[in-house]
Amino acid sequence: MATQVAIIGAGPAGLLLGQLLHAYGIDNIILERKDRDYVLARIRAGVLEQGTVGLLEEVGVAERLHREGLIHDGIELAFGGERHRIDMKKATRGKTVTIYGQTEVTRDLMDARDKAQLKIVYDAEDVSLHDFGSDRPRVRYAKDGVSHEIACDFIAGCDGFHGVSRQSVKADAIKVFERVYPFGWLGILSETPPVSPELIYANHERGFALCSMRSHTRSRYYVQCSLDDHVDQWSDDKFWDELKRRLDPEAVDHLVTGPSIEKSIAPLRSFVAEPMRFGRLFLAGDAAHIVPPTGAKGLNLAASDVHYLATALREFYGEKSSAGIDDYSRRALTRVWKAERFSWWMTSILHRFPDTDAFSARIQNAELNYLVSSNAATAALSENYVGLPY
């Protein structure tokens, strides 16, 4: 079996890359170690930057997004018992974000790939990457007990933090930067209307809280929790009670509670692997970097990686130039580190850390007050939140 680009991973990064390459006339095959239903069952973020929406439009998979997605012009910051709205559209001269679940993005990309009859192998076992330091890389895998090999020009590692792609790189060829945060997010999904038309980010002495949504009838809520917590320790009633303690009185009055349809605890981590290119192997998305979800950057960073990589490969095949692939890692990492900074900053001003004393709490409060009272500070937050330009 042969192709131009072998893509490892059928999450949003791999699927979007596959559609972009197809649009550019570049043959590709996607390998995914899980089945389709497992991939679609992953509950992930749902805030899309304008750049991400633009890429989905480019590959023709934005029809349902525009029909069902919720366009948000701003967010709300809650602290000191009050809420303060950040008008991002005004601060960025017209830019917005779109609320549309990552699961739905994945489904739309899968459907588009099926419609185009492009090859994707689910339940690919024992995937291994070979000779990517040469100009003849290969990928091996097993399917239904039969071994297969793909000869390709390039390998795109879009298989997430725990995937085989980054693990295939020699340890001395890669440098890792990491910060693990001393808390997690307990999140629930419920068939209830959102408490507010826009997201609420709450700083409270009991810990951070976030009120988000997936639609007009489905809500996503989070509370900061200990890394020692387990979902079994949190009944629905206990969660709703804790969330109410961290919200302002108006939000509490409007909060509609109900049974959770999904509940999980996610640890928070900042992680970057450098570089993002190793010969003919490229890393993209969570395979190369993780951000805490506070800044809503995970999926959007994966999309920008894919944009840079697809553009570079189009230049390689169409213009016979290696300039794009040679510069891929630098371009991608420049944007990655800006998003890492923003996500770290949002996390630092909204959460209670183990060493948050009275002085630190006052500093957080002063920072938030400055944010909502300064046009310059509002603009800085807004331009990062809606997405820095590619």
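Quick look at the numbers
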| read-out | value |
| --- | --- |
| Matching entry among N300, N384 (being over 20 Å from R246 (Cβ atoms), touching a Phe, Trp or Tyr at 6+ places or on another chain (Cβ under 7 Å), touching a residue at least 24 places away in the same chain (Cβ under 8 Å) and not aromatic (F, W, Y)) | N384 |
| Given (1) in contact with a Leu (Cβ under 6 Å, 6 or more places away or on another chain); (2) under 21 Å from Q19 (Cα atoms), index of the condition G324 fails | (1) |
| Some residue of region 241-254 being among the hydrophobic types (A, V, I, L, M, F, W, C), in contact with a helix residue (DSSP H, G or I) (Cβ under 8 Å, 6 or more places away or on another chain) and either farther than 21 Å from C211 by Cα or not in a helix (DSSP H, G or I) (or both) | no |
| Residue ranges of strands (runs of 3 or more DSSP E) in region 79-141 with at least 3 members among the charged types (D, E, K, R) and either modelled with pLDDT of 95 or more or not assigned by TED's automatic domain parsing to the domain that holds E198 (or both) | 82-87 |
| Any hit, region 169-181, residues being modelled with pLDDT of 95 or more, surrounded by 22 or more Cβ atoms within 10 Å (Cβ to Cβ) and either more than 22 Å from L299 (Cα to Cα) or not small (G, A, S) (or both) | no |
| Total residues in region 101-119, condition farther than 11 Å from V61 by Cβ and buried (at least 22 other Cβ atoms within 10 Å of the Cβ) | 1 |
| Matching residues, region 156-199, being among the hydrophobic types (A, V, I, L, M, F, W, C), within 30 Å of R280 (Cα to Cα) and in contact (Cβ under 8 Å) with a residue 40 or more places away in the chain | A156, C158, F161, V164, V169, A173, I174, V176, F177 |
| Scan of region 293-334 for residues that are β-branched (V, I, T) and either touching a helix residue (DSSP H, G or I) at 6+ places or on another chain (Cβ under 9 Å) or not in a helix (DSSP H, G or I) (or both), ordered by number | T294, V306, T311, I325 |
| One residue from I349, I363 being surrounded by fewer than 17 Cβ atoms within 10 Å (Cβ to Cβ) and either assigned to a helix (DSSP H, G or I) or under 14 Å from the mean Cα position of the chain (by Cα) (or both) | I363 |
| Test result for T257, in a loop (DSSP other than H, G, I, E, B) and β-branched (V, I, T) | yes |
| Contacts under 7 angstrom Cβ, first residue in region 328-348 being more than 18 Å from D286 (Cβ to Cβ), partner among the polar types (S, T, N, Q) and buried (at least 19 other Cβ atoms within 10 Å of the Cβ), 6 or more apart | M346/T294 |
| All positions within region 226-240 that are free of Cβ contacts under 8 Å to residues at least 12 places away in the same chain and outside any loop (DSSP other than H, G, I, E, B) | D232, Q233, D237, K238 |
| Residue under evaluation A91, criteria (1) closer than 30 Å to I200 by Cα; (2) small (G, A, S); (3) surrounded by fewer than 19 Cβ atoms within 10 Å (Cβ to Cβ), criterion not met | (3) |
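The values are calculated or read from the model by the stated rules, or taken from the named source; none is laboratory data. What you see is a predicted model; the values in this text were computed from it and never measured. Here the Cβ is made from the backbone with ideal geometry for all residues, glycine too, and neighbour counts use every protein chain on show.
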